[in-house]
Amino acid sequence: MLGGARTAPACSAYSGQSREVVILTARCAGCGPRLEGMIVATSAPVAVPEEATRTERAPELPYLLVVWDDPVNLMSYVAFVFRAYFGYDAARAEELMLQVHREGQAVVASGSRERIEADVVAMHEYGLQATLRCGDA
Amino acid sequence: MARGFRHLGSGYVAELDPAEARLVITLARDVLQMLSNRDGAPLIEVPQPRGGRFEKLADWGIEADGAPGRHRATRRERRRRHGSLAVPDAVSEPERESSGAAEDLPGEPEPAEDRWWEALGLVDPTEETQADEPAPRRRAPQDPALARLLPDLIADADAEDGEAERLRALTEDGIVASKRSGLEEAVRLLAVDPLRIPEAEAPRFGAALNDIRLVLAERLGIHTEEDARRVTEDGDTDEVSHFMAVLYSFVSWLQESLMTALLKRR
């Protein structure tokens, strides 16, 4: 929920799928300044003052969550975190953990900038080495 | 002799010797101290660790009378430093005001073991608090162990100029708070014998053990798989490094046993 569209230009070359989004162009009461410019998917109803919004087609930002190999984190722990946080099943979690271990890094999730930032924060809270990456980089 | 975690009732139970539980508590407290040095927040009151002094050091392959091998800031110096950390003006909760003085921190080790923790030197007394850093940007910690707990959110190759610092400014306090609450809860759980982790607490307890291991690993210079093998298999380092390596192996074993029990359940 941080950063929002302010740093989106790094991903501007992406020309993938589009979807309906609402762009909050002004601060709404009770939201706080962080919501300025943030992109919110319209899949769920969002209560925003009408004069503060406009609807348009915008690219879905292809941000990636990269988890890096680390000689300290136990393989069992990494697999556990993938299951507990992302809800992956045992086989998927194991596969991703082994990819991290063997290839040095793996893309574990993708999505909007806000979503992936939140994922990186969660990985750091768990103690995994993880970073945000622009999908077309 | 310790016995690893097994599922029991609505949680996970392990059997640790009092000295073993005390060691893990002390490690958790040192990591809490490092995090407090980062954001300026005071340490909470944690229970007095159970058990006696390090009379069982010999069991860990350590001579209790051995002197620290290298100079680190003494605990008294660290106490002074902690005591001098300014409590932010905005802080008004009474418990915070009272904890500004660090002279009688609970769970402070006895003098005999004090020497060992000084020698271990997990806490870097030169690390500056970042609480007063201007909001839009925050630098990464200088202490490499703290930097391992709080890495950049974006790799250099992927980042625009200043992006890592901006992301850190927005997120670091939350990550520190999360780690702190996990470590504090771990200390509370470890103070009770036998060690019982409720089902819902298990992920957070595992993360707290992981944070302890990240700090120990950095102090042991573990950066590659080869380093990890060297530390866990070779025994020919100096006593302090050997003790730290034994601690690392012990906490690793404890975390692995919890993960095994957890993954069996899922």
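With Cα atoms defining each centre, the stretch B:1-44 and the stretch A:88-105 are spaced 28 Å apart in the structure.
Over the stretch B:152-266, the hull volume per residue, using the convex hull of the C-alpha atoms, is 162 Å³. Computed log10 I(q)/I(0) for the stretch A:63-134 at 0.13, 0.15, 0.16 Å⁻¹: -0.30, -0.40, -0.46, from the Debye equation with unit scatterers placed on every C-alpha and solvent omitted. Charge tally for residue B:253 (other residues, Cβ to Cβ under 12 Å; Lys, Arg +1; Asp, Glu -1): 0. Shielding by partners for peptide A:116-124, expressed as the average number of C-beta atoms from other protein chains within 10 Å of each residue's C-beta, is 4.
Values quoted throughout were computed directly from the atomic coordinates according to the rules given, and no laboratory measurement underlies them. In this text the structure is predicted, and so the values were computed from the model without any measurement. In this analysis, Cβ positions are derived from the backbone assuming ideal geometry, glycine residues included, and neighbour counts consider all displayed protein chains.
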